[in-house]
Amino acid sequence: MAEAFNDKTLTADKAARYAEVAQEIASVLDGEGNLTARMATVASMLASSFDHYFWTGFYVVDPTKDRELVVGPYQGTLGCLRIAYGRGVCGTAAETGQTQLVEDVHAFPGHIACDSRSASEIVVPVFDAAGTLLAVFDVDSDRPAAFDAVDRQGLEFILKATFA
């Protein structure tokens with residue numbers, strides 16, 4: 001019983017932290033229109049808010065290349081520079097337009113190992129107000145199954161509120 005209570009408490013604490021950081025991000029970015037500044041701020045603030053985040057950042061749609069993402073603002077070790085749509089977790093999120101929550105990246109077909117220490121990952125597509133894909137937001141963890149529905153809901157809310 002105590003273990004289940006602790007799991008619920010941790011989930012509630014994480015949800016509360018996402019709500020807090022969403023307000024903090026909105027406050028910091030109020031009036032800032034530059035896309036790069038917005039992305040850099042989101043990556044930085046989220047990376048410093050959660051212990052289970054190992055690599056946090058954006059892969060931006062490259063307007064000069066067909067169906068390709070290029071690394072954008074991020075926090076962490078060296079990231080992959082380019083990722084084709086449909087390739088790996090980030091490319092799959094770009095291709096499908098749907099959040100990818102992966103408990104074990106090594107079991108994901110076509111996973112791209114930018115850093116071999118990554119064990120789990122969540123990637124959220126980022127759309128502008130017109131519904132055009134701008135980027136994907138990628139968070140890796142060095143812990144297996146580090147992300148859950150709370151992470152998904154929190155990230156989707158923050159990214160929609162910040163970029164749509």
Once normalised by the length of segment 2-163, the mean sequence separation of its alpha carbon contacts under 8 Å that are 6 or more apart gives a contact order in percent of 21
With a point put 7 Å past each Cα toward its Cβ, work out how far ALA19 is from ALA113 in nm, to one decimal. 4.1
Considering the dipole of the chain built from charges on the beta carbon (Lys and Arg +1, Asp and Glu -1) around the Cα centre, which of VAL124, LEU46, ALA84 is farthest to its positive end? ALA84
Return the unpartnered cysteines for the chain, using a Cβ-Cβ cut-off of under 4.7 Å. CYS90
Note to self: Kirkwood Rh of the chain, Cα pairs, one decimal, Å, is 16.0
Most mobile listed residue (THR56, THR36, THR92) in the chain, GNM with C-alpha springs under 10 Å: THR36
Taking the chain and counting helices only, DSSP H stretches of n ≥ 4 at -39,500 (n - 2.57) each over all residues, the nearest-500 ellipticity at 222 nm comes to -13000 deg cm²/dmol
Unit charges on C-beta of K, R, D, E only; dipole of the chain, Debye: 280
Using a Gaussian network model on the chain with a 10 Å cutoff between Cα atoms, which of GLY154, GLY79, GLY31 fluctuates the most? GLY31
With the chain treated as a Gaussian network of Cα nodes joined by springs under 10 Å, which of ASP128, ASP66, ASP115 yields the largest mean-square fluctuation? ASP66
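Quick note: the coordinates plus some simple rules give every number you see, no bench work behind them. Values in this document were obtained by computation on a predicted structure and should not be read as measured data. Backbone-built Cβ (ideal geometry, glycine too); neighbour counts: all protein chains shown.
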